[in-house]
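What follows is a single structure, and I will ask about it in a moment.
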Amino acid sequence: MNNKSKTNIVKHKSIRFYFKLFLSTLILSAFTIGGGYVIVALMQKKFVSKYKWITEKEMLDYVAIGQSAPGVLAINVSILIGYNLAGVLGAVITIFGTIIPPLVIIGVVSYFYTYLQDNIWFKSIMLGLQCGVAAIMIDVVINMIKNIVKDKNVLMTILMIISFILIMFLQVNVIVIILASILLGILITLKKRGIKK
């Protein structure tokens, strides 16, 4: 995060700021259907583009960490954003903002699901949601590719293409790809530090 962004956040770190942080994650979580990457894309638009609380690079780092860490991607990214913006309290606020809507909605849906599963209107709604989710997922992938290519890092671009081929066509386990990427990242960082010294 740049110094200007940090200064703006510190100045506005009041009850209003915390409420805005909570409400943002609550609304995103309540109206996001289709998994972690969908909510991450919306978080990017809200926290990076709209509020400018975090940078594009930070968001990509959070997604990488959230994907690699155990647990739900959306919650992991929420914790990282909340902690970066307002420490432990910020992380707690974003966790609650993210988990409350799914808990309530899943509780209600599971209670009525046996009555709704054969209903034609319910099936139609689910089909429509699947189409919308597919479009959002495509948008997320395109934006992530753009951000990687924008950095003009040839090695990362090649790694992205190889990872895609290994997963899509050779059915290599995603865990293997993540561990290999982590190892490669560590080696690149150590090599850069060695060159600087």
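The values are calculated or read from the model by the stated rules, or taken from the named source; none is laboratory data. All figures in this text were calculated on a predicted structure; none of them were measured in a lab. Counting neighbours? That spans all protein chains shown, and the Cβs are built from the backbone with ideal geometry, glycine included. With ligands, DNA and RNA removed, areas are computed over all heavy atoms of the protein, side chains included. Shrake-Rupley method; radii C 1.70, N 1.55, O 1.52, S 1.80 Å.
Filter the DSSP H helices in the chain by two things, a Kyte-Doolittle mean of at least 0.5 and an axial alpha-carbon span of 15 angstrom or more, and list the hits by number.
On the way: long enough: 15-30 (22 Å, 1.40); 56-68 (18 Å, -0.32); 73-116 (44 Å, 1.78); 120-150 (45 Å, 1.36); 154-168 (21 Å, 3.01); 174-196 (33 Å, 1.83).
Helix filter hits for the chain: 15-30, 73-116, 120-150, 154-168, 174-196.
Around Ile27, under 15 Å between beta carbons, what's the net of Lys plus Arg minus Asp minus Glu among the other residues?
Values: positive: Lys20, Lys45, Lys46, Lys50; negative: none.
Spelling it out: positives minus negatives among the neighbours equals +4.
Dimensions of region 58-103 along principal axes (Cα, Å, largest first)?
Reported extents, whole Å, longest axis first: 24, 23, 14.
For the chain, what's the relative contact order in percent, using C-alpha pairs closer than 8 Å and at least 6 residues apart? List each step's numbers first, then the result.
Working: 137 pairs, mean separation 39.1, N = 197.
Dividing the mean separation by the residue count of the chain yields 20 percent.
With no solvent and one point on each alpha carbon, what is the Debye value of log10 I(q)/I(0) for region 90-197 at q = 0.09, 0.19, 0.20, 0.21 Å⁻¹?
-0.49, -1.11, -1.13, -1.15
How many percent of the alpha carbon pairs in the chain exceed a separation of 30 Å? Before the final figure, lay out the partial values.
Values: 6211 of 19306 pairs.
Taking all Cα-Cα pairs of the chain, the fraction more than 30 Å apart is 32 percent.
Something else about it: Tell me, what are the semi-axes, in whole angstrom and largest first, of the equivalent ellipsoid of region 18-87 as set by the roots of 5 times the Cα gyration tensor eigenvalues?
Numbers: eigenvalues 50, 42, 27 Å².
The equivalent ellipsoid of region 18-87 has semi-axes of 16, 14, 12 Å.
Using a probe radius of 1.4 Å on heavy atoms only, what accessible surface per residue do you get for region 128-169? Whole Å² is fine.
Working: 3040 Å² over 42 residues.
In whole numbers, region 128-169 has 72 Å² accessible per residue.
Reachable aspartates and glutamates from Lys57, Cα under 19 Å, same-chain residues fewer than 8 places away excluded?
Asp139, Asp151
Here's a follow-up. Suppose every K and R has +1 on its Cβ and every D and E has -1 on its Cβ; what is the size of the dipole of the chain about the Cα centre, in Debye to the nearest 20? List each step's numbers first, then the result.
On the way: 20 positive and 6 negative charges, 242 e Å.
For the chain, the charge dipole is close to 1160 debye.
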